[in-house]
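Read-outs: derived from the displayed coordinates by stated rules, not from any lab. Quick caveat: nothing in here was measured; it's all calculated off a predicted structure. Cβ placement follows ideal geometry from the backbone for every residue including glycine, while neighbour counts extend to all protein chains displayed.
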C-alpha cells in the first residue's frame with residue numbers, strides 16, 4: 001500500500017548560465033528551497049516528491065542570447081549523471097525524497113555534438129531512474145529532439161513507447177514527464193497515460209502564456225483527460241544571467257506553479273511569480289480506486305487502434321521533418337522557417353483553410 005504523501009512544485013528563481021560554473025548559483029538557490037520545503041514537511045505531512053521547473057539549473061541564457069548549438073554543447077550542457085546532478089542526489093538522500101528536474105544534456109553515446117532538453121528523476125538513493133528527452137520544441141529553443149535524429153534514436157535507444165514517452169514505476173506511484181511546449185499537445189499526456197503514468201510532471205511556461213490562461217488549461221486538461229495527478233512547477237523571478245540586475249528578455253517565467261488532482265481540480269497553486277511553491281497531498285491508492293471504479297475515468301473508453309489508423313492517414317497531409325538534424329546541428333533560424341513552411345504546406349494540401357486575402 002502506498003501511503004499519502006506531500007509533493008512540492010518548487011517555484012525557483014532562475015539565473016541564465018553562460019557556462020557550467022554558473023550552474024552552482026542556481027544549485028545553491030534550489031538546495032535552500034528544498035530545505036525550506038522539507039522544513040514545512042516536518043510540520044505538515046511527510047514529503048516524498050520535489051519537482052523543480054525547467055531552467056532551474058541552467059536558466060535560459062542560451063536561448064535568449066541565441067547561442068550556437070555546438071557552443072551550448074561545449075559550455076553549458078551537462079552529463080546525466082554529473083557533478084551538477086550529484087548535488088541534487090545528495091539532497092534526495094538527505095531528505096529521502098524523489099526529485100524531478102530538467103537540464104540541457106549531452107549524450108555522446110547516442111549522438112555526438114547534440115544536446116537534448118532532458119527531464120530526469122532522482123530516487124531517494126541518489127540514483128537517476130528516469131530520463132525523458134523533450135519531443136517537440138518551440139522555435140525559440142535550440143535543443144535536439146529524438147525525432148530530429150530518429151534513425152539514430154531508434155537504433156540506440158529504441159522505437160517503442162518507453163523510448164519516447166517513458167514512465168518509471170516507483171514506490172510512490174508511476175511517474176511520466178513533459179517539458180513546456182510538449183504540454184500544448186494532448187497526445188503527449190495521453191501517451192504517458194497509455195504507458196501507465198499516474199503522475200504527470202509538466203514544467204514550465206512563459207509569463208505571457210501563463211497570464212493568458214494557457215498554462216492552467218493545459219495542465220488541468222492533462223490531469224482530467226488522463227485521470228492522473230499533474231505536478232506543474234514554473235519559474236519565479238527570471239534573470240538573463242547570474243547578474244540579478246539583468247532581467248530576462250521575457251521577464252518572469254510566469255509563476256503560478258500548481259498541483260492538480262486526477263479530476264482536474266487545482267489542489268494547490270502559487271498565486272504570484274515570487275520564489276514560492278505549491279504543495280499538496282498525493283494519494284495514489286485513492287487514484288487507483290477511482291480509476292478502477294469510476295465510469296468517468298476515460299482510459300477504459302480509449303480506442304487507440306482506430307485513432308492510430310486515422311492518425312496515420314492524417315499524417316499523409318503533414319510534411320515529415322524526421323531526421324532533419326541527423327547530419328547537421330539545429331539552428332534557430334531554420335527551425336523558425338520550418339514552422340512557416342509547414343503551415344504553408346498544410347494550407348496547400350487543405351489541412352488548413354486559406355487566410356482571407358491570400359491565394360492557395
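Between residue 42 and residue 327, the distance separating the two model label sites (each 7 Å from Cα on the Cα→Cβ line) works out to 6.0 nm. If you plug the beta carbon distance of residue 1 and residue 152 into 1/(1 + (r/R0)^6) with R0 = 51 Å, you get a FRET efficiency near 0.75.
Once the Cβ-Cβ distance of residue 109 and residue 263 is raised to the sixth power relative to R0 = 51 Å, the FRET efficiency obtained is 0.75.
Please report 139, 244 as a ranked list, fewest other C-beta atoms within 10 angstrom at the top and most at the bottom. Please list the in-between numbers first.
Details: 139 15, 244 12.
Least to most surrounded, the residues fall as 244, 139.
Taken along the Cα-to-beta-carbon direction at a fixed 7 Å, the label points for residue 24 and residue 274 span 3.0 nm.
Could you work out [θ]222 nm for the chain from helices alone, using -39500 (n - 2.57) per DSSP H run of at least four and dividing by all its residues? Round to the nearest 500 deg cm²/dmol. Working shown, then result.
Values: 12 runs with 123 residues, N = 360.
Taken over the chain, the calculation gives -10000 deg cm²/dmol.
Here the relative contact order of the chain, from alpha carbon pairs under 8 Å that lie six or more residues apart, stands at 19 percent. Contact order for the stretch 216-263, expressed relative to its length and based on alpha carbon pairs under 8 Å spaced 6+ residues apart, stands at 45 percent.
Using the count of nearby Cβ atoms within 10 Å as a rough guide to exposure, how do 110, 259 rank from fewest to most?
Working: 110 17, 259 28.
So the ranking, lowest neighbour count to highest, is 110, 259.
Paramagnetic label reach from residue 320 (point 7 Å along Cα→Cβ; backbone nitrogen cut-off under 20 Å): within the stretch 133-154, residues 135-137, 145-154.
Taking 7 Å steps out from each Cα toward its Cβ at residue 307 and residue 66 produces label points 3.9 nm apart. Based on the Stokes-Einstein relation at 25 °C and a viscosity of 0.890 mPa s, and on the Kirkwood radius from alpha carbon pairs, the stretch 302-360 is assigned a translational diffusion coefficient of 179 µm²/s.
Taking 205, 58, 24 in turn, the Gaussian network model of the chain (Cα-Cα springs below 10 Å) assigns the largest fluctuation to 24.
Protection proxy ranking of 59-66, 147-154, 173-180, by the mean of other Cβ atoms within 10 Å over each peptide's residues and highest first, is 173-180, 59-66, 147-154.
Each part reduced to its alpha carbon centroid, the stretch 90-135 and the stretch 309-360 end up 31 Å apart. For the stretch 140-266, the C-alpha radius of gyration divided by 2.2 N^0.38 Å, with N the number of residues, is 1.15.
Once the piece of chain linking residue 74 and residue 299 is laid out straight, how much longer is it, given 0.36 nm per residue of separation minus the C-alpha distance between them? Let's see the in-between values first.
Numbers: separation 225, 0.36 × 225 = 81.00 nm, distance 4.36 nm.
Extra length available between residue 74 and residue 299 comes to 76.6 nm.
Can you tell me which of 237, 53, 186 moves the most in a GNM of the chain? Springs connect C-alpha atoms under 10 Å apart. Greatest mean-square fluctuation among the candidates belongs to 186. Centre-to-centre separation between the Cα atoms of the stretch 178-225 and those of the stretch 64-87: 25 Å. Listing 227, 31 from fewest to most neighbouring C-beta atoms within 10 Å gives 31, 227.
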